[in-house]
Amino acid sequence: MMGGWGMHGGFSGMHLLGGLMMLLFWALIIGLVVWLVIRLSRSASSRPMQTTLPAQPAQAVQPDPVLETLRRRLAAGEITSQEYDELRQKLGV
């Protein structure tokens, strides 16, 4: 019989299994995409917001070497605080 319910003629179990496998495949792909989006959105929201600081000029304010020397001498005990103030006023620092 050519048109019967044989191997090629009708609804066989392989068609049902193939459709079910395709459905499971796409469900897995969609599930992975949803999981990835949720995971990335949670990790992005849990990180603190990073702010960028303005770039400092190339020539930042350098400490005055004379004043640094006076401070170092005061800290080392080579001069008193009174001498420190007098020297600062004389040098205009």
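Throughout, read-outs are computed from the coordinates displayed, never taken from laboratory work. The structure displayed is predicted, hence computed values, not measured ones. For neighbour counting, all protein chains shown are included, and Cβ atoms are generated from backbone atoms with ideal geometry for every residue, glycine included.
Roughly what would the spin-label model give for Q62 and E86, points 7 Å off Cα along C-beta, in nm?
It works out to 3.0 nm between the two label points.
At what distance in nm do the modelled label points of L16 and W35 sit from each other, each positioned 7 Å from its Cα along Cα→Cβ?
Result for the modelled spin labels: 2.9 nm.
Any idea how far apart L23 and T69 come out in nm if each label point goes 7 Å out from Cα toward Cβ?
8.9
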